[in-house]
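These notes are about the structure you will find just below.
The values are calculated or read from the model by the stated rules, or taken from the named source; none is laboratory data. Just so it is clear, the model here is predicted, and its values are computed rather than measured. Every residue, glycine as well, gets a Cβ built from its backbone with ideal geometry; the counts of neighbours run over all protein chains shown. Just so you know, the surface numbers come from the protein's heavy atoms only, side chains and all, with ligands and any DNA or RNA stripped out. Shrake-Rupley method; radii C 1.70, N 1.55, O 1.52, S 1.80 Å.
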Amino acid sequence: MASTVALDPRGERLVLADLVPVLRGTRLRGARLHSAALVLGGAGLTGLAAQISIPVHGSPVPVTGQTFGVLLVGVALGARRGAASMALYLLAGLLGVPWFAGGSTGSIHLATLGYLVGFILAGALVGRMAERGADRSPWRTALTMVVGNLVIYACGVPYLALSAHLSAAAALHYGLTVFLLGDALKILLAAGLLPAAWKLVGRHVVGD
């Protein structure tokens, strides 16, 4: 099935952040400035979302708004900038910026490090899907968010088991199962928010 793809006059694929009026100004002043602003802003938004943090009994992984922020950033920025934004978020947090969950900083011994690495991969993947129009309808947006979550869990759960010395069953429970309801609510929110944002900017260009 063909995707609805937004293209600029040079034929480059556009994502939501390229079309929002307040962000288009940086794009018009220069691609590097535009991309740098989006990468930094995406990292900051993820750090802000991470401050919504609720501890889970028995688990070193809290419920946060972090994953929702990661996937929104990836979809809105596209593959390269989404991955770069998450890489900046991880690196800055490891170096001492207190914007991991609950205002913490990180180290290579974090039980949640696998999830943080997964953010980079998920940002790239959902960003690529968004470049191909996967955030234009509720169902396709929901599928994109599900895929992004799966990537994050595929990285996070095995590392959690290793770092916290948990069995596979315990790691799945404390690192995945307890978060599924919250993930479902975030996916529903994204499925309504992102297609509505595209309708608001009103810039659909049909491509292959």
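For the range 59-76, state whether one or more residues are within 20 Å of Ala171 (Cβ to Cβ), of a type outside the set (Asp, Glu), without any contact (Cβ under 8 Å) to a residue 60 or more places away in the chain and open to solvent by less than 30 Å² (accessible area, probe 1.4 Å).
Yes, the range 59-76 contains at least one residue that is within 20 Å of Ala171 (Cβ to Cβ), of a type outside the set (Asp, Glu), without any contact (Cβ under 8 Å) to a residue 60 or more places away in the chain and open to solvent by less than 30 Å² (accessible area, probe 1.4 Å).
Can you find, within the range 113-155, the residue that is farthest from Ala17 (Cα to Cα) among those that are touching a Leu at 6+ places or on another chain (Cβ under 6 Å) and open to solvent by 20 Å² or more (accessible area, probe 1.4 Å)?
Among residues in the range 113-155 that are touching a Leu at 6+ places or on another chain (Cβ under 6 Å) and open to solvent by 20 Å² or more (accessible area, probe 1.4 Å), the one farthest from Ala17 (Cα to Cα) is Tyr153.
Name every residue in the range 157-200 that is more than 17 Å from Ile54 (Cβ to Cβ), open to solvent by less than 30 Å² (accessible area, probe 1.4 Å) and not aromatic (Phe, Trp, Tyr), in order of residue number.
Correct list: Val157, Leu160, Ala161, Ala170, Ala171, Ile187, Ala190, Ala191, Leu194, Pro195, Ala197.
What is the residue count in the range 42-95 for residues that are touching an Asp or Glu at 6+ places or on another chain (Cβ under 8 Å), farther than 15 Å from Tyr115 by Cβ and not small (Gly, Ala, Ser)?
Going through the range 42-95 one residue at a time, the tally reaches 1.
Restricting attention to the range 101-110, does a residue exist that is polar (S, T, N, Q), closer than 18 Å to Gly69 by Cα and under 13 Å from the mean Cα position of the chain (by Cα)? Show your work before the answer.
Of the range 101-110, the ones polar (S, T, N, Q) are 104-105, 107.
Going one step further and asking which of them are closer than 18 Å to Gly69 by Cα, we end up with 104-105.
Those left that are additionally under 13 Å from the mean Cα position of the chain (by Cα): none.
No, every residue in the range 101-110 fails to be polar (S, T, N, Q), closer than 18 Å to Gly69 by Cα and under 13 Å from the mean Cα position of the chain (by Cα).
Restricting the range 93-112 to residues that are at pLDDT 80 or above, in a loop (DSSP other than H, G, I, E, B) and among the aliphatic types (A, V, I, L, M), which is surrounded by the most Cβ atoms within 10 Å (Cβ to Cβ)?
Of everything passing the filter in the range 93-112, Ala111 is surrounded by the most Cβ atoms within 10 Å (Cβ to Cβ).
What helices (runs of 4 or more DSSP H) lie completely within the range 113-193 and have 3 or more residues being in contact with a Cys (Cβ under 9 Å, 6 or more places away or on another chain) and closer than 19 Å to Pro60 by Cα?
The helices (runs of 4 or more DSSP H) meeting that bar are 113-131.
For a quick check of your reading of the model, give me the residue pairs whose first member lies in the range 33-44 and is farther than 12 Å from Gly74 by Cα and part of a helix (DSSP H, G or I), whose second is open to solvent by 40 Å² or more (accessible area, probe 1.4 Å) and at pLDDT below 85, with beta-carbon atoms closer than 7 Å and at least 6 apart or on different chains.
From residues that are farther than 12 Å from Gly74 by Cα and part of a helix (DSSP H, G or I), the pairs are His34/Arg27.
Which pairs turn up if I take residues in the range 128-144 that are in contact (Cβ under 8 Å) with a residue 60 or more places away in the chain and within 11 Å of Gly74 (Cβ to Cβ) and look for partners that are among the acidic types (Asp, Glu) and open to solvent by less than 20 Å² (accessible area, probe 1.4 Å) with beta carbon separation below 8 Å, at least 6 apart in sequence or on another chain?
If the second residue must be among the acidic types (Asp, Glu) and open to solvent by less than 20 Å² (accessible area, probe 1.4 Å), the pairs left are Thr144/Asp135.
Among the residues in the range 98-115, are any aliphatic (A, V, I, L, M) and without any contact (Cβ under 8 Å) to a residue 24 or more places away in the chain?
So far as the range 98-115 goes, yes, one or more of its residues are aliphatic (A, V, I, L, M) and without any contact (Cβ under 8 Å) to a residue 24 or more places away in the chain.
Only one of (1) small (Gly, Ala, Ser); (2) more than 16 Å from the chain's Cα centre (by Cα); (3) open to solvent by 30 Å² or more (accessible area, probe 1.4 Å) fails for Ala84. Which number is that?
Of (1) small (Gly, Ala, Ser); (2) more than 16 Å from the chain's Cα centre (by Cα); (3) open to solvent by 30 Å² or more (accessible area, probe 1.4 Å), only one is false for Ala84: (2).
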